[in-house]
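Enquirer: I'd like to ask you about the structure that follows.
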Amino acid sequence: MNNQISAAVRTNNITYAVRDILLIANEVAKTGKEMLYLNIGDPNIYDFEPPRHMIEDTYKAMLANHNGYSPSSGIKTALDAIGRNAEKKGIKNIQDMFITTGASEAIDICLTSLVNQGENILTPTPGYPLYTAIQSKLQMYENPYFLDESNNWQPDINDIKSKINDKTRAIVLINPNNPTGSNYSLEALNQIIDLALEHNLVIFADEIYDKLLMDGVKHTSIASLNSEVPVITFGGLSKNYMVPGFRIGWGIISGNGARLKNYIEAINKILRSRLSANHPEQFSIVGALEGPQDHLDVAMQKLTRRRNMTVDMLNDVQGISCVKPEGAFYAFPKLEIKNSDNHFVAELIKETGVVVVPGTGFGQVSGTNHFRLVFLPPEDKLEKAYKKIGDFFKMYVDKFEN
C-alpha cells in the first residue's frame, strides 16, 4: 500500500531561482570555501539601514499595544499617507487602497481576484519570478513578453501586441525592473496604456523600487499618465526604506470607477478573509513617506558607485556584457557561452564561491544566457567577486566551451 501523500498539481511548476540556487551554495559552503553572496536583494545584510524614526514609530506602536488585528485594508493614517504620496506622483482618480504583507501579497491577491483558470496575464521577460509562481498556483498559462536588451531593456511593444489574445486579462510592468535595473520611457508607458484601453486590460504597475534611481533619471508612475485606464500600483517599504523584513506593501487602484467596481469588491473579499497585514509596522508608513529622506541620498551614492564598478568590471571581461542599470540594485549581464547559464552559475559557485542567479530563473530570449547579480555589497567585496567571475569565465571557456 502506497501511503505517500501527493502534492497539488498546481505546485509542480513553482520555482524561485533566487533561493533555489542556495541548494548548491549551501553544499559548497560546507566545504569551508569563502562565499560571496550576490543573489538576494536584501540591503540589511550589508551597510544599509532604515531611517531611525521608522523603527521608533513601530516601537511606540507596539508599546501602545497596537499588537492585535488592524482593519483589513490597513489603518487610516497610513492609507491617507499612501494616498497623499500617490497624488504627489500624479496618480488621480484613486478608487481604493489597501495595505498588505509585503507587495507580494498585494500582487497575489489582485491576480487571484482577476484571473480565472486558463486565462493569462502578460509578464515581462526578464521579470521577477513571483509572477510565474502565482500563475502556476492559479493554473493560468504563461504569456511572457520580452524586454529589449538592445534598447536598455525597454518593453518590446510589438512583442506585447503580438501576445495579446482573448484570454489576456492584464499586463504587468516592473518599473524600475527587477532583474535588469531598467527605468521605462514615457513613450513605452503611453503605448502600453493605449494597448490596455484597446483590449480592456488591467495594468499591474509594480513600482517597489521607484525611489532607487541613479544618474538623475526620473521615474514616472504609469497611472499618472491616464486617469481612466485601470491600474493597480504596487509599492511598499521593503526596498526604498530598507525594511524587507517589515513585510509592508500596498496597492493603489486607480482608473474608471464603474469599470473597476466588481473587481474592487473581489479584492476586498480576499482582504477581509485574510484579516490584516502586520499592524504595528503600519505606524511607520507616515513617517517613511513624509519624514526625512536622507537615507535615500546616502543609499544612492553607495549604489551608484557600486553600479559603476559592476558595469565597468564585467564589461572588461571578454564574453560578458552588461547593460547599465538606471534603478534598483540589480544587473543582468549577458554571457557569450554555448552551455546554459544554469551550468555556468553552478560551476561558478563550486569553483569560486560567488553566488549569482541564472538568467533562466527570470526568463530571457531563447538562445541567450544571462545571470542576475545584486550590487548591494561594499566595493571591496564586489571587486573580489568580479575578479573571481572574470578569472573563472576564462577558465570556463577553456574547460567547457572548446
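Values quoted throughout were computed directly from the atomic coordinates according to the rules given, and no laboratory measurement underlies them. Just so we're clear, the structure is a prediction, and the values are computed from it rather than from any experiment. Virtual Cβ from ideal backbone geometry, glycine too; neighbours counted across all protein chains shown.
Enquirer: According to the square roots a ≥ b ≥ c of the eigenvalues of the Cα gyration tensor, what is the shape class of region 281-361, taking rounded for a/c under 1.5, prolate for a/b larger than b/c otherwise, and oblate for the remainder?
Expert: Prolate, because a/c is 1.5 or more and a/b exceeds b/c.
Enquirer: Counting only DSSP beta bridges with both residues in the chain, what percent are antiparallel, rounded to the nearest 5?
Expert: So the antiparallel bridges amount to about 55 percent of the total.
Enquirer: Less than 11 Å Cβ to Cβ from ASN116, Lys/Arg counted +1 and Asp/Glu -1: what total charge do the surrounding residues give?
Expert: Neighbourhood net charge equals +1.
Enquirer: Got the relative contact order for region 52-290 handy, in percent, Cα pairs under 8 Å and 6 or more residues apart?
Expert: Reported relative contact order: 33 percent.
Enquirer: Can you bin region 207-296 into rounded, prolate or oblate? Criterion: square roots of the alpha carbon gyration tensor eigenvalues sorted a ≥ b ≥ c, rounded for a/c under 1.5, prolate for a/b above b/c, oblate for the rest.
Expert: Oblate, because a/c is 1.5 or more while a/b does not exceed b/c.
Enquirer: Here's a follow-up. Is region 176-252 rounded, prolate or oblate when judged by the Cα gyration tensor, a ≥ b ≥ c being the square roots of its eigenvalues, rounded requiring a/c under 1.5 and prolate requiring a/b larger than b/c?
Expert: oblate
Enquirer: What does the charge count around ILE75 come to, taking other residues whose C-beta lies under 13 Å from its C-beta (Lys +1, Arg +1, Asp -1, Glu -1)?
Expert: With Lys, Arg at +1 and Asp, Glu at -1, the net is -2.
Enquirer: Let me ask you something else. Given Cβ point charges of +1 (Lys, Arg) and -1 (Asp, Glu) and nothing else, what value in debye, to the nearest 20, does the dipole of the chain about its Cα centre take?
Expert: Using Cβ point charges on Lys, Arg, Asp and Glu, the chain gives about 740 debye.
Enquirer: Pop the C-beta distance of ALA29 and LYS381 into the FRET formula with R0 = 25 Å and round what comes out to the nearest 0.05.
Expert: 0.95
Enquirer: Right, something else. Sorted by packing (mean other beta-carbon atoms within 10 Å per residue), highest first, where do 118-127, 292-301, 369-378 land?
Expert: Ranking the peptides 118-127, 292-301, 369-378 by packing returns 369-378, 118-127, 292-301.
Enquirer: Going by Cα centres, region 236-299 and region 47-93 are how many Å apart?
Expert: Region 236-299 and region 47-93 have Cα centres spaced 8 Å from each other.
Enquirer: Now, a different point. Could you list the GluC sites (Glu not before Pro) in region 1-73 that lie in coil according to DSSP, counting only those with at most 11 other Cβ atoms within 10 Å of their Cβ?
Expert: For GluC sites (Glu not before Pro) across region 1-73 that sit outside H, G, I, E and B with at most 11 neighbouring Cβ atoms in 10 Å, the list reads GLU34.
Enquirer: Still on this model: Excluding ILE267 itself, calculate the net charge of residues whose Cβ lies under 12 Å from the Cβ of ILE267, where each Lys or Arg counts +1 and each Asp or Glu counts -1.
Expert: Around ILE267, the charge tally is 0.
Enquirer: Determine the percent antiparallel among the DSSP beta bridges restricted to region 52-290, to the nearest 5.
Expert: Of all bridge pairs located within region 52-290, approximately 50 percent are antiparallel.
Enquirer: Report, in deg cm²/dmol and to the nearest 500, the calculated mean residue ellipticity at 222 nm for the chain, where each DSSP H run with n ≥ 4 adds -39500 (n - 2.57) and the sum is divided by the residue count.
Expert: Calculated from helices alone, the mean residue ellipticity at 222 nm is -12000 deg cm²/dmol.
Enquirer: Shifting gears a bit: Out of GLY118, ASN402, PRO292, whose Cα points farthest toward the positive end of the dipole of the chain (charges: +1 Lys, Arg; -1 Asp, Glu; placed on Cβ)?
Expert: Comparing the listed Cα positions along the dipole, GLY118 ranks first.
Enquirer: Report Rg/Rh for region 52-290, rounded to two decimals, where Rg is the Cα radius of gyration and Rh the Kirkwood radius.
Expert: Looking at region 52-290, the ratio lands at 0.96.
Enquirer: What's the ranking of 355-365, 80-90, 217-227 by average number of surrounding C-beta atoms within 10 Å, highest first?
Expert: Descending packing order for the listed peptides: 355-365, 217-227, 80-90.
Enquirer: May I ask you to list the aspartates and glutamates whose Cα is less than 20 Å away from that of LYS399, ignoring any residue fewer than eight positions away on the same chain?
Expert: GLU336, ASP341, GLU347, GLU351, ASP391
Enquirer: Stretch ASN308-ASN13 to full length: gain in nm at 0.36 nm per residue minus the Cα-Cα span?
Expert: 102.6 nm is the gain from fully extending ASN308 to ASN13.
Enquirer: Say each of MET62 and ASN200 gets a label point 7 Å from the Cα, pointing the same way as Cα to Cβ; how far apart are those two points in nm?
Expert: Using points 7 Å along Cα→Cβ, the separation is 4.9 nm.
Enquirer: If you filter region 220-323 for GluC sites (Glu not before Pro), then keep DSSP loop positions with at most 15 other Cβ within 10 Å, what is left?
Expert: Loop-located and lightly packed - GLU228.
Enquirer: Right, something else. Ranking request for peptides 198-208, 141-151: highest mean number of other beta-carbon atoms within 10 Å first, then the rest in descending order.
Expert: For the peptides 198-208, 141-151, the packing ranking is 198-208, 141-151.
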